[in-house]
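Sharing a structure below in structure tokens format, with a few things to ask.
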Amino acid sequence: MIVAHMRELSRRSILGAARQPGNYIPGLFFPFMLTAVYSSQFAKAVDIPGFPFPDASFLEFVLVGSVLQGVSFGAINGGSELALDIENGFMDRLLSSPVARPAIIVGRLAGSMTYAVVLSAILTTVFVVMGADIAGGVPAVAALLVTSMLLALFLGGVGVALGLRTGSQEVVQSIFPLIFVAVFASSAFFPVDLMDGWYGAIARNNPVTWVIDPVRRLVVVDFSWGDVGQAIGVTTGLAAITVTWAFLELRRRVART
């Protein structure tokens, strides 16, 4: 029974996201725009002494950061839609029905993860058409898709937890600037090896950097199980924390109602 509930609520979440272009167009537009600008303006950056990947093009260098940036743009939409369900009373109807409680969260997170995989596949394909060479081949692309999915699970967990706690779309959407800053204050668009001062310290200790760097090596250098383990391990750990938080918030909301 619980599997059927998860399937139906996941389907509702995925179809709802697909019918709202505003949820996924920014995730496509901004990575393409920023990648085009950066690849043009910073193409010579690979010639800077100390650049960690001198044999790669700047397009190949920013590929992973651009993909994960696009994923981050839409990952919290599930939490925003859940908050809307609370605002319009649909959540109350769900809680008064025999729907399995875990299915409520799983359905929303499934939408975020599906969005991440589809968007990552589209962005990666376009970047390859634009001339990016993926040294790690198909296994590296698969690792990128899995990492994207887990990153969406992590951020989706944050959105769902906040949606359940506050019941407000505005509150959930207000964390988007924080996500935006977290991506830029990482190694997404420039190597931490060449960063100095406080900005470099923040970027080196940013969990986003810990995810991007190993996946970038898979794409730019070659496939390595060690890099796969690091990327998946970090995102899995982060996702476990936020998903647990989301389930705790659901328990509190059920107890209040």
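Can you give the angle from 0 to 90° between the axis of helix 207-220 and the longest principal axis of the chain, with both taken from C-alpha atoms, to the nearest 10?
Between the helix axis and the principal axis of the chain, the angle is about 50 degrees.
Using +1 at the Cβ of each Lys and Arg and -1 at the Cβ of each Asp and Glu in the stretch 203-257, identify which of LEU250, VAL220, ILE232 lies farthest towards the dipole's positive end.
It is LEU250.
Compute the distance in nm between two label points, each set 7 Å from the Cα along the Cα-to-Cβ direction, one at ARG251 and one at ALA36.
4.9
Peptides 113-122, 4-13: what's the order by average Cβ count within 10 Å, highest mean first?
Values: 113-122: 21.1, 4-13: 17.1.
For the peptides 113-122, 4-13, the packing ranking is 113-122, 4-13.
Something else: Sticking to Cα atoms, compute the Rg of the stretch 74-120 to one decimal and its Dmax as the biggest Cα-Cα distance, whole number, in Å.
Expressed in Å, the Cα Rg and Dmax of the stretch 74-120 come to 11.7, 37.
At 10 °C and 1.306 mPa s, what whole-number value in µm²/s does Stokes-Einstein give for the translational diffusion of the chain, with Rh from the Kirkwood sum over Cα pairs? Display every interim value, and only then the final one.
Working: Rh = 18.8 Å.
So the translational diffusion coefficient is about 84 µm²/s.
R0 = 45 Å: FRET efficiency of VAL128 with LEU194, Cβ-based, nearest 0.05? Display every interim value, and only then the final one.
Details: r = 26 Å, r/R0 = 0.58.
Step by step, r from the Cβ atoms, then E = 0.95.
On to the next question. Using the heavy atoms of the protein chains alone and a 1.4 angstrom probe, what is the accessible area of the chain per residue in square angstrom?
Heavy-atom accessible area per residue stands at 45 Å².
Note the full-extension length gain between ILE202 and GLU170 as 0.36 nm times their separation in residues minus their Cα-Cα distance, in nm to one decimal. Numbers along the way, then the final one.
Values: separation 32, 0.36 × 32 = 11.52 nm, distance 2.78 nm.
Contour length minus Cα-Cα distance gives 8.7 nm.
Here's a follow-up. Per the Cauchy relation, a quarter of the hull surface: what is the mean projected area of the convex hull of the alpha carbons in the stretch 164-208, in nm²? Spell out each step's value before the answer.
Working: hull surface 15.3 nm².
Average of the hull's projected areas for the stretch 164-208 equals 3.8 nm².
With all protein chains present, how much of the accessible area of the chain (probe radius 1.4 Å) comes from carbon and sulfur, to the nearest whole percent? Mind showing how you got there, number by number?
Values: 7880 of 11620 Å².
Roughly 68 percent, rounded to a whole number.
If we sort 176-184, 193-201 on the protection proxy, mean other Cβ atoms within 10 Å, highest first, what's the order? Intermediate values should be presented prior to the final figure.
Values: 176-184: 14.9, 193-201: 11.3.
Top of the packing list down: 176-184, 193-201.
Compute the helix-to-body angle for 2-18: its Cα long axis versus the longest principal axis of the chain, expressed 0 to 90° and rounded to tens.
The two axes meet at around 60 degrees.
The values are calculated or read from the model by the stated rules, or taken from the named source; none is laboratory data. Computed from a predicted model, the values in this text were never measured in an experiment. Please note: Cβ atoms are built from the backbone with ideal geometry, for glycine as well, and neighbour counts cover all protein chains shown. Surface accessibility is based on the protein's heavy atoms, side chains included, excluding ligands, DNA and RNA. Shrake-Rupley method; radii C 1.70, N 1.55, O 1.52, S 1.80 Å.
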